[in-house]
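Below is one structure, written out as structure tokens, with a few remarks after it.
The values are calculated or read from the model by the stated rules, or taken from the named source; none is laboratory data. Remember, predicted model here, so these are calculated numbers, not experimental data. Here the Cβ positions follow ideal geometry from the backbone for every residue, glycine too, while neighbour counts run over all protein chains shown.
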Amino acid sequence: MSWTIHDAEDQTGRIAIITGANIGLGFDTALELARKNCHVVLACRNLVKSEHAKQEILRQLPAALIECIALDLNSLKSVRKFVDTYSKKHDTLDLLINNAGIMMPPYSLSEDGFESQLATNYLGHFALTGLLLPLLAKTPTSRVVSLSSLAHKWVGFRFEDPHFKRGYSKRSAYGQSKLACLMFAYELDRRLRAAGLNTYSVAAHPGVSATNLAQNFPKILTALFPLVGQSSAAGALPTLYAALGEDIQGGDYCGPRSLGEMRGAPVKVGSNRASRNEADAKRLWEMSENMTGVRYLG
């Protein structure tokens with residue numbers, strides 16, 4: 001039997017933060033969590049678009065508990081401001097879903113000097129998770145879900161030049177950022193276990209899904225997506241399984257089960273050797289702490 005959202009228990013009294021929740025996978029994840037009566041915080045860069053997403057969820061689910069708080073993962077200052085705002089309103093956190101991402105844009109650096117895909121997809125989430133950890137740690141059965149991708153298999157991590165200052169490949173930079181997300185998810189779970197905490201760190205990927213992330217792809221490739229991929233709503237199911245599945249354990253990785261994990265029902269999946277290299281994961285963690293100034297679970 002495949003897991004479906006109908007298998008998930010009612011989430012009344014629980015609260016979830018979803019980054020990048022105004023569109024695509026994040027929106028569909030937020031909608032389904034709200035349908036399960038979870039209090040959902042839409043953590044988005046653009047508050048106008050976030051408010052539009054909130055109103056669409058309320059149109060479908062008038063009793064939903066939806067909140068918008070600004071978060072720009074390309075800015076460590078914004079990450080800290082988000083955590084400060086959230087912490088003043090809430091003293092628990094059941095689910096942190098590190099969903100937001102950008103895919104293969106032209107080269108640019110964040111305001112902190114990081115390559116934009118590494119900043120948005122990974123480093124911002126690394127800092128966000130660390131700053132929210134005190135709330136997660138005191139909330140029973142809390143989970144952190146990190147979004148990776150099939151692209152984690154494209155490249156290794158460029159420890160000597162993570163920001164592509166010696167020649168930019170948008171494809172390699174995207175693959176690196178998603179490898180980092182998966183390495184982080186595994187290393188975070190190891191550190192949570194070592195610290196004796198009950199928070200689970202898990203990961204998920206959506207397969208090939210029709211979302212806004214493909215906006216920088218050639219049109220001929222996006223036209224092929226419906227033939228091999230799936231809808232955004234279907235692509236959100238591995239994330240929801242990772243967040244809500246009763247059989248999920250720390251360190252699990254969830255994705256679609258069919259066609260090379262490009263589409264299908266959500267299941268637990270494997271990942272490549274690079275993502276599971278513990279020495280590299282520790283090196284990445286230390287590098288991330290140095291870059292962000294956020295240190296935790298040392």
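Among the listed residues Y186, Y174, identify the single one that is more than 12 Å from S146 (Cα to Cα), at pLDDT 85 or above, of a type in the set (F, W, Y) and not in a loop (DSSP other than H, G, I, E, B).
It is Y174.
One line per residue, one yes/no per condition, for (1) at pLDDT 95 or above; (2) out of contact with any Lys or Arg (no Cβ under 9 Å at 6 or more places or on another chain); (3) closer than 23 Å to L33 by Cβ:
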| residue | (1), (2), (3) |
| --- | --- |
| A203 | yes, yes, yes |
| A214 | no, yes, no |
| K219 | no, yes, no |
| T222 | no, yes, no |
| A233 | no, yes, yes |
| L244 | yes, no, yes |
| N272 | yes, no, no |
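Criterion first (surrounded by fewer than 24 Cβ atoms within 10 Å (Cβ to Cβ), over 15 Å from K282 (Cα atoms) and touching a Lys or Arg at 6+ places or on another chain (Cβ under 7 Å)) does A195 satisfy it?
Taking the combined requirement at face value, the residue does not satisfy it.
I need the full set of residues from segment 41-58 which are in a strand (DSSP E or B) and within 15 Å of G24 (Cβ to Cβ), in order please.
Those that are in a strand (DSSP E or B) and within 15 Å of G24 (Cβ to Cβ): L42, A43, C44.
Look at segment 129-151 and say how many of its residues are within 23 Å of Y296 (Cβ to Cβ), over 11 Å from the mean Cα position of the chain (by Cα) and part of a helix (DSSP H, G or I).
Residues that pass the stated criteria total 8.
Considering only residues that are under 18 Å from the mean Cα position of the chain (by Cα), among the hydrophobic types (A, V, I, L, M, F, W, C) and in a helix (DSSP H, G or I), which ones fall in segment 254-281?
Once the filter is applied, which keeps residues that are under 18 Å from the mean Cα position of the chain (by Cα), among the hydrophobic types (A, V, I, L, M, F, W, C) and in a helix (DSSP H, G or I), segment 254-281 yields only A281.
Does segment 85-95 contain any residue that is without any contact (Cβ under 8 Å) to a residue 60 or more places away in the chain, farther than 12 Å from A16 by Cα and of a type outside the set (D, E, K, R)?
So far as segment 85-95 goes, yes, one or more of its residues are without any contact (Cβ under 8 Å) to a residue 60 or more places away in the chain, farther than 12 Å from A16 by Cα and of a type outside the set (D, E, K, R).
If you scan segment 94-111, which residues turn out to be crowded, with 17+ Cβ neighbours inside 10 Å, touching a Lys or Arg at 6+ places or on another chain (Cβ under 9 Å) and in a loop (DSSP other than H, G, I, E, B)?
Result: D94, A100, G101, M103, M104.
Go through segment 282-296 and report how many residues are surrounded by fewer than 17 Cβ atoms within 10 Å (Cβ to Cβ), in a loop (DSSP other than H, G, I, E, B) and aliphatic (A, V, I, L, M).
0
Where the second residue is of a type outside the set (A, V, I, L, M, F, W, C) and in a loop (DSSP other than H, G, I, E, B) and the first is at positive phi and lies in segment 256-280, which pairs have Cβ atoms under 7 Å and are six or more apart or on separate chains?
Close Cβ pairs satisfying both conditions: E261/G207.
Quick check on my filter: what residues within segment 34-68 are surrounded by fewer than 18 Cβ atoms within 10 Å (Cβ to Cβ) and either under 27 Å from S288 (Cα atoms) or of a type in the set (F, W, Y) (or both)?
N46
Considering segment 79-93 alone, what residues qualify as being part of a loop (DSSP other than H, G, I, E, B) and surrounded by 21 or more Cβ atoms within 10 Å (Cβ to Cβ)?
Result: L93, single match.
Under 21 Å from G293 (Cβ atoms), of a type outside the set (A, V, I, L, M) and over 19 Å from the mean Cα position of the chain (by Cα): which single residue out of D72, D84, D91 fits that description?
When all the criteria are applied, what remains is D84.
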